[in-house]
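S.K.: Okay, handing you the structure first.
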Amino acid sequence: MTAPHQPTNRSIGDVSEAIRWAETHIEQTFSIEDLAVRAHVSRSTFQRHFRKITGSAPLEWLTARRMDRAKHLLATTNLPIRAVARRSGFHDEPLFRYHWRRLVGGTPSGWRKKQSASRDAS
C-alpha cells in the first residue's frame, strides 16, 4: 500500500511565491487558475495549499486584498472611482461596486467622503 500524496516543501514554496507575486501585481487581471499555473500545481492543490498558508480561500483572499488596495487609493488620492477600480484589479466597475457593497457597505464615494471628513476633524 502506498502512502497518500504528501505536499512537498517545493509545492508549498511555489504557492507561497505565487501569493507574493499576486500581492505585488494586485492591479493586474489574473485568475486562481493563473496563480496555480504560476505555482506549477493543479488548481485543487493550489487551493488546498493556499488555504493552509493564508487561512482563506484564494478568491476571498484576492478580493479582500483588492478591497484593501481600493480603500488605500480612495483615502490617499482623488482618482475617479473607475480608476480606483482598475488600479485595484477590478477591470469591471460594476463588479467592483458589487464587491464594495458586499464587503464594505455603501458606496466607494460615500466611504471616501467619510474618510475625508474624519481626517478633517482630526
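Coordinate-derived values only; no laboratory data. All values reported here derive from a predicted model rather than from experimental measurement. Heads up, the Cβs are rebuilt from the backbone with ideal geometry, glycines too, and the neighbour counts pull from every protein chain shown.
S.K.: Just tell me which lysines come within less than 24 Å, Cα to Cα, of K71; anything on the same chain fewer than 8 places away is out.
M.R.: K113, K114
S.K.: Also: Restricting attention to the alpha-carbon atoms of the chain, what are Rg (one decimal) and Dmax (integer), both in Å?
M.R.: 17.6, 69
S.K.: Assuming 0.890 mPa s and 25 °C, estimate D for region 50-122 with Stokes-Einstein, Rh taken as the Kirkwood radius over Cα pairs, in µm²/s.
M.R.: The estimated diffusion coefficient comes to 191 µm²/s.
S.K.: Between R101 and Q28, how many nm apart are label points set 7 Å from Cα along the C-beta direction?
M.R.: Calculated label separation equals 3.2 nm.
S.K.: Once R0 is set to 22 Å, what does the formula 1/(1 + (r/R0)^6) return for the Cβ-Cβ distance between K52 and W21, expressed as a FRET efficiency to the nearest 0.05? Show your work: numbers first, answer last.
M.R.: Details: r = 18 Å, r/R0 = 0.81.
Calculated transfer efficiency: 0.75.
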